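Below is one structure, written out as structure tokens; comments come after it.
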Amino acid sequence: MKLTEGMHPETVAIHAGQEPDPTTGAIMTPIYQTSTYVQQGPGVHKGFEYARSRNPTRDALEANLAALEGGPHGLSFSSGCGAMTTLMMLFSHGDHFIVCDDVYGGTYRLFSKIFERMGFTFTYVDMTDPQNVVKAITPKTKLIWMESPTNPLLKLIDIKKVVQIAADNSRAGQKIKTLVDNTFMSPILQQPLKMGADFVLESTTKYIGGHSDVIGGFVACKSAEDHDALKFNQKSIGATPGPFDCFLTMRGTKTLPARMARHCENAQKIAEWLEKHPQIERVSYPGLKSHPQHELARHQMSGFGGMITFVVKGGLPTAKRVLEKVKIFACAESLGGVESLIEHPAIMTHASIPAEMRAKTGIVDGLIRVSVGIEHVDDLIRDLDQALR
Ligand SMILES: *Cc1c(COP(=O)(O)O)cnc(C)c1O
């Protein structure tokens, strides 16, 4: 369907990139489960040669997600990590990267254990103060890597300010690009390309897929040049998603706006309830007035998301007990699915971050992270209440 300017995300999510199947009229994009395509003669084909380079199901997903991000170009990958790896391969030995300090654990592992070995250098800074980014810039800096809100502490980064810093410090021969890992927000709640970022990256495994049944990644970018380079890498490196994964992800995007609205509504109520609970030391949720960057959240995001972190009184033993006692919340890594999840960052998702760095960034032993699902909020509150008792 031809989208017109000004259509709302709810409409874009359902229609962008989606055409009835030309041979049958099937309303849903088929799963083109094929590795190759028959050519009429050598080099004479319909634009599809080999499925690592292109697949119609993947095309439909890429067009759909790019439209949601508000960017002209987008590429899908077999996982968020596959997307990160393919993107980092745009850079070269000796390049320097500035990364927000409580970055996703898997990102930190990829950078510190693999890319450092390849001669990339990284500086991790607290980007809640954008001046820390300025201080970290070197003549070799090529990319600033942001996550907002950060994981798990839900600190915010002023994306527009950091984009401005990158522009102010770019010069002939050294363009500093910016990337936002937007996984915690999805394009429904935050659109970094519109704030000037060069790249937006999503682990579609989370909110975009939304049903905890598929792993995937996505990158959208503004410039055709970046897109072409990344597309070349996508085809050359081969971290591409299979057609069934693309189909499942697309099934998710259709309900993404509706789900995000419910995630936000439920999380707001739970965060407010937790804040008053006597067993809780502190709660971090961008939608709370007590969040130190609540004002920024109101301007930068169109909703506060479904992730909450809180610290229980009593440290590790209490935190462990809460995770064992919940009945509806499932104790599991990951986030963004329709079902509510609960996890312990220091033991689970962030275990690959060294203990000193965890302590420095505030990932304490009593810290619990929840991914609020779209169940009835009263049931979720009752479940947390009995577990906290
Ligand atoms: C899960 C996640 C990733 C990695 O994505 P995978 O699909 O698991 O490879 C990257 N960034 C963030 C913020 C994530 O939550």
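Within segment 374-384, restricting attention to residues that are touching a residue at least 60 places away in the same chain (Cβ under 8 Å) and either within 11 Å of Lys327 (Cα to Cα) or in contact with a Cys (Cβ under 7 Å, 6 or more places away or on another chain) (or both), the residue that is surrounded by the most Cβ atoms within 10 Å (Cβ to Cβ) is Leu384. Taken together, the residues in segment 132-153 that are away from the ligand (no atom under 12 Å from the Cβ) and in contact (Cβ under 8 Å) with a residue 40 or more places away in the chain amount to 7. From the list Ser371, Ser352, the lone residue that is surrounded by fewer than 21 Cβ atoms within 10 Å (Cβ to Cβ), in contact with a Gly (Cβ under 7 Å, 6 or more places away or on another chain) and not basic (Lys, Arg) is Ser352. Being part of a helix (DSSP H, G or I) and over 30 Å from Pro30 (Cα atoms) is a description that applies to Lys113.
Applying the condition of being farther than 14 Å from Pro187 by Cα and touching a Leu at 6+ places or on another chain (Cβ under 7 Å) to segment 215-248 and asking which residue is modelled with the lowest pLDDT yields Lys222. Filtering segment 101-131 to residues that are away from the ligand (no atom under 16 Å from the Cβ), within 23 Å of the chain's Cα centre (by Cα) and within 23 Å of Pro286 (Cα to Cα) leaves Val125, Asp126, Thr128, Asp129, Pro130. I'd like the residue in segment 304-336 that is away from the ligand (no atom under 16 Å from the Cβ), aliphatic (A, V, I, L, M) and in a loop (DSSP other than H, G, I, E, B) and, out of all such residues, is least open to solvent (accessible area, probe 1.4 Å). Only one residue tops the list, namely Val326. Looking across segment 157-182 at every residue that is within 14 Å of the ligand (Cβ to nearest atom) and open to solvent by less than 10 Å² (accessible area, probe 1.4 Å), the one that is nearest to Asp101 (Cα to Cα) is identified as Ile157.
Going residue by residue through segment 252-267, is there one that turns out to be in contact (Cβ under 8 Å) with a residue 40 or more places away in the chain and assigned to a loop (DSSP other than H, G, I, E, B)? Within segment 252-267, not a single residue is in contact (Cβ under 8 Å) with a residue 40 or more places away in the chain and assigned to a loop (DSSP other than H, G, I, E, B). Would you confirm, using the coordinates I've provided, whether Ser212 is touching a Ser or Thr at 6+ places or on another chain (Cβ under 9 Å), on the phi > 0 side of the Ramachandran plot and of a type in the set (Ser, Thr, Tyr)? In short, yes.
A single member of Ala297, Ala351 is small (Gly, Ala, Ser) and assigned to a loop (DSSP other than H, G, I, E, B), and it is Ala351.
Return the residue satisfying two criteria in turn: it lies in segment 63-97 and is open to solvent by less than 30 Å² (accessible area, probe 1.4 Å) and more than 16 Å from the ligand (Cβ to nearest atom), and of such residues it is nearest to Gln190 (Cα to Cα). Top of the filtered list is Leu68. Among the residues of segment 38-62, the ones that are open to solvent by less than 60 Å² (accessible area, probe 1.4 Å), under 23 Å from Gly252 (Cα atoms) and assigned to a loop (DSSP other than H, G, I, E, B) come to 2 in all.
When the residues of segment 138-171 are filtered to those that are part of a strand (DSSP E or B) and β-branched (Val, Ile, Thr), the one that is nearest to the chain's Cα centre (by Cα) is Ile144. If I filter segment 337-346 for residues that are within 26 Å of Asp101 (Cβ to Cβ), of a type in the set (Ser, Thr, Tyr) and either open to solvent by 50 Å² or more (accessible area, probe 1.4 Å) or part of a loop (DSSP other than H, G, I, E, B) (or both), do I get at least one hit? Looking for residues that are within 26 Å of Asp101 (Cβ to Cβ), of a type in the set (Ser, Thr, Tyr) and either open to solvent by 50 Å² or more (accessible area, probe 1.4 Å) or part of a loop (DSSP other than H, G, I, E, B) (or both), one finds none in segment 337-346, hence no. Counting the residues of segment 1-29 that are open to solvent by less than 80 Å² (accessible area, probe 1.4 Å) and without any contact (Cβ under 8 Å) to a residue 40 or more places away in the chain gives 8.
Restricting segment 200-259 to residues that are away from the ligand (no atom under 16 Å from the Cβ) and in contact with a Cys (Cβ under 8 Å, 6 or more places away or on another chain) leaves a set whose member that is most open to solvent (accessible area, probe 1.4 Å) is His227. Restricting attention to segment 121-137, the residues that are assigned to a helix (DSSP H, G or I) and open to solvent by 10 Å² or more (accessible area, probe 1.4 Å) total 5. Just one of the numbered conditions (1) touching a residue at least 60 places away in the same chain (Cβ under 8 Å); (2) not in a helix (DSSP H, G or I) is not true of Met118: (1).
The values are calculated or read from the model by the stated rules, or taken from the named source; none is laboratory data. Keep in mind it's a predicted model, so treat the numbers as computed, not measured. Neighbour counts are summed over all protein chains in view; Cβ atoms, including those assigned to glycine, are modelled from backbone coordinates with ideal geometry. Each accessible area value is taken on the protein alone, full model and side chains, heavy atoms only, with ligands, DNA and RNA left out. Shrake-Rupley method; radii C 1.70, N 1.55, O 1.52, S 1.80 Å.
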